[in-house]
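A short write-up of the structure that comes next.
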Amino acid sequence: MSVTAQATAPAPHLLPAESIRQTLEDGLYQQFTNAKVLVLIPDHTRTIPLPLLFRQVVDILADTRQLDFMVALGTHPPLSEESLCHLVGITVDERHTTYRHIGLLNHAWDDPGQLAQIGVLEKAQIQQIAGDVWHPSLGDDTPVRINRLALEYDHIIILGPTFPHEVVGFSGGAKYLFPGISGMEMINTTHWLGALITILGTIGIAHTPVRAMIHAAAECLATPVTLVSMVVVSEGLAGMFVGDYLSAWEAAAALSSERHIQWVEKPYQRVLSHAPAMYDELWTAAKAMYKMEPAIADGGEVIVYAPHLETVSHVHGRYIYEAGYHVRDYYLKQWDKFGHLPLGVLAHGTHLRGSGVYENGIERARIKVTLATQISREDCERLALGYLDPAAIHPEAWRGREAEGVLYVPKAGEMLYRVRP
């Protein structure tokens, strides 16, 4: 196992376009002649110069017999034809002319007809991976199901960024297989395992039990996989690594730990965390809280400021309203009330609410989480979250107040904030 092609830029610089092109050529050119190749890509909720990369990859892989791109959606909503074109930076006219031979596909996690079982992670194996955090709520064996198209190609290329991640430690790599194009079982089990560990015990850590579980599932896939992993900073690339899905991801995670962590000298009391428009539902905009939790003082507050946001979740909304947002033990100690809900929903609920305890019927969260969105005050109360009117917030009034223990983060959700040891 090795990284076959790579390029990195010293901080704070970014890779020039010619280095990106050369790295892709070094790693991919004439490696898949006359082969059927499926490229897995992220959706619009991940920062990556996909329009540039799409055109270059299509050009470099012109000698393939078939080349298709699939959005590794996990449980995110499918994209329309127009949105798919926008994602990869082509016009609808180009879609039907220049790129008519290229497939643009959505993954459908909830369509049994699109899934194939390729293995199973047995309960004993999951217990061993989870270690001390294993809990009976993880259930028994976990079927390893994947989009069946992954079995019909000669090779899979994963093209995606690596960032600190609340569930798995660092995103990217084989995460584009599980949960990216997997069935609900792996989605639910991995997310709930991450929730049992908590964000504070996971985010920004390369080798976590969830990552080990994902890699164990990836071993069930017979189709060869090449990873193109990138570290994205300020809309550009700080590094690119091409190789097998273990080595290239390791290299990207190491660079991400250098470029994506903002160290602070002491925890903040109050943070206005501005979620960008690419997060169009709370399901993803919650990252504006995830990346801040390690840098918040006990009793402090994170305000998720997203004045554009109207929806909790297009796919999971009804379950989230039933579960609310609570600390982990609120669910675990009332499992008879919450155990029927999807584990991925409960994981999202406790990830956004953060760490805390539930004892003698009283919930005590470590920090306060407040929404400043289009979600109403009544809904925030129903969800057990605080509410602020976004129209009453003026971000400029939050700038330059770090000495007061107050922070404004203008594009939250990707940079991890952490208190220096």
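Suppose the filter is more than 30 Å from A277 (Cβ to Cβ), crowded, with 18+ Cβ neighbours inside 10 Å and in contact with a Ser or Thr (Cβ under 7 Å, 6 or more places away or on another chain); does L332 pass it? Don't jump to the end; show me each part of the working.
Values: more than 30 Å from A277 (Cβ to Cβ): yes; crowded, with 18+ Cβ neighbours inside 10 Å: yes; in contact with a Ser or Thr (Cβ under 7 Å, 6 or more places away or on another chain): yes.
Yes: the conditions hold for L332.
Please find, within the range 59-106, the residue that is nearest to R145 (Cα to Cα) out of those that are assigned to a loop (DSSP other than H, G, I, E, B) and free of Cβ contacts under 8 Å to residues at least 12 places away in the same chain. Explain how you work it out, then say what you get.
Filtering the range 59-106 for residues assigned to a loop (DSSP other than H, G, I, E, B) gives 61-65, 72-80, 89-91, 96-102.
Of the ones still in play, those that are also free of Cβ contacts under 8 Å to residues at least 12 places away in the same chain are 62, 80, 91, 96-98, 100.
Details: A62: 31, S80: 25, T91: 34, H96: 32, T97: 35, T98: 34, R100: 30 Å.
Residue satisfying both the conditions and the ranking: S80.
Only one of these is under 20 Å from L200 (Cβ atoms), assigned by TED's automatic domain parsing to the domain that holds V304 and not hydrophobic (A, V, I, L, M, F, W, C): R328, R399. Name it. Within the list R328, R399, the selection yields R328. Restricting attention to the range 170-185, and to residues there that are crowded, with 24+ Cβ neighbours inside 10 Å and touching a helix residue (DSSP H, G or I) at 6+ places or on another chain (Cβ under 7 Å), which single residue is nearest to A254 (Cα to Cα)? Ranking the qualifying residues of the range 170-185, first place goes to F170. Looking only at the range 391-407, decide whether some residue is touching a helix residue (DSSP H, G or I) at 6+ places or on another chain (Cβ under 8 Å) and not in a strand (DSSP E or B). No, the range 391-407 has no match at all. Within the range 205-248, being crowded, with 21+ Cβ neighbours inside 10 Å and in a loop (DSSP other than H, G, I, E, B) holds for T208, Y245.
Looking only at residues that are hydroxyl-bearing (S, T, Y) and part of a loop (DSSP other than H, G, I, E, B) in the range 1-35, which one is farthest from G239 (Cα to Cα)?
The residue in question is T33.
Pairing each residue of the range 107-134 that is outside the structural domain of I158 (by TED's automatic domain parsing) with any residue that is at pLDDT 95 or above and of a type in the set (A, V, I, L, M), provided the two are 6+ apart or on different chains, yields no C-beta distance under 6 Å.
In the range 394-413, the condition of being at positive phi, of a type outside the set (V, I, T) and free of Cβ contacts under 8 Å to residues at least 24 places away in the same chain is met by at least one residue. Please go through (1) in the same structural domain as A7 (by TED's automatic domain parsing); (2) touching a Leu at 6+ places or on another chain (Cβ under 8 Å); (3) among the small types (G, A, S) for A275 and return the number of the only condition it doesn't satisfy. Tallying (1) in the same structural domain as A7 (by TED's automatic domain parsing); (2) touching a Leu at 6+ places or on another chain (Cβ under 8 Å); (3) among the small types (G, A, S), A275 fails exactly one: (1). Only one residue in K287, K333 is closer than 23 Å to F170 by Cβ and of a type in the set (K, R), so which one is that? Answer to the check: K287. Would it be correct to say that I156 is hydrophobic (A, V, I, L, M, F, W, C), in contact with a Pro (Cβ under 6 Å, 6 or more places away or on another chain) and modelled with pLDDT of 95 or more? Judged against the criteria, I156 is not a match.
What number of residues within the range 378-401 are of a type in the set (D, E) and surrounded by 15 or more Cβ atoms within 10 Å (Cβ to Cβ)? Let's see the steps before the verdict.
Narrowing the range 378-401 to residues of a type in the set (D, E): 378-379, 381, 389, 396.
Still in the list and also surrounded by 15 or more Cβ atoms within 10 Å (Cβ to Cβ): 379.
Result for the range 378-401: 1.
Return yes or no: is H340 at pLDDT 95 or above, surrounded by fewer than 17 Cβ atoms within 10 Å (Cβ to Cβ) and either in contact with a Ser or Thr (Cβ under 6 Å, 6 or more places away or on another chain) or not in a helix (DSSP H, G or I) (or both)? In short, yes.
Evaluation of T47 against the conditions (1) surrounded by fewer than 18 Cβ atoms within 10 Å (Cβ to Cβ); (2) polar (S, T, N, Q); (3) at pLDDT below 95 shows that the sole unmet condition is (1). Contact map, the range 36-58: residues that are closer than 14 Å to L237 by Cβ paired with residues that are of a type in the set (K, R) and at pLDDT 95 or above, Cβ distance under 8 Å, separation 6+ or inter-chain. Pairs shown: Q56/R21. Scan the range 130-142 and tell me whether some residue there is surrounded by 15 or more Cβ atoms within 10 Å (Cβ to Cβ) and under 28 Å from F241 (Cα atoms). No: the range 130-142 contains no residue that is surrounded by 15 or more Cβ atoms within 10 Å (Cβ to Cβ) and under 28 Å from F241 (Cα atoms).
Taken together, the criteria place R145 among residues that are in a strand (DSSP E or B), of a type in the set (D, E, K, R) and modelled with pLDDT of 95 or more.
Going residue by residue through the range 359-380, is there one that turns out to be over 30 Å from T142 (Cα atoms), of a type in the set (G, A, S) and touching a helix residue (DSSP H, G or I) at 6+ places or on another chain (Cβ under 8 Å)? I'd like the intermediate steps shown before the answer.
Step one: list which residues in the range 359-380 are over 30 Å from T142 (Cα atoms), which gives 359-380.
Going one step further and asking which of them are of a type in the set (G, A, S), we end up with 361, 365, 372, 376.
With touching a helix residue (DSSP H, G or I) at 6+ places or on another chain (Cβ under 8 Å) added as a condition, the list becomes 365, 372.
Scanning the range 359-380, I find at least one residue that is over 30 Å from T142 (Cα atoms), of a type in the set (G, A, S) and touching a helix residue (DSSP H, G or I) at 6+ places or on another chain (Cβ under 8 Å), so the answer is yes.
Close Cβ contacts (under 9 Å, 6 or more residues apart or on different chains) running from residues in the range 11-32 that are under 20 Å from S256 (Cα atoms) to residues that are among the aromatic types (F, W, Y) and assigned to a loop (DSSP other than H, G, I, E, B) are absent.
The values are calculated or read from the model by the stated rules, or taken from the named source; none is laboratory data. Values in this document were obtained by computation on a predicted structure and should not be read as measured data. For neighbour counting, all protein chains shown are included, and Cβ atoms are generated from backbone atoms with ideal geometry for every residue, glycine included.
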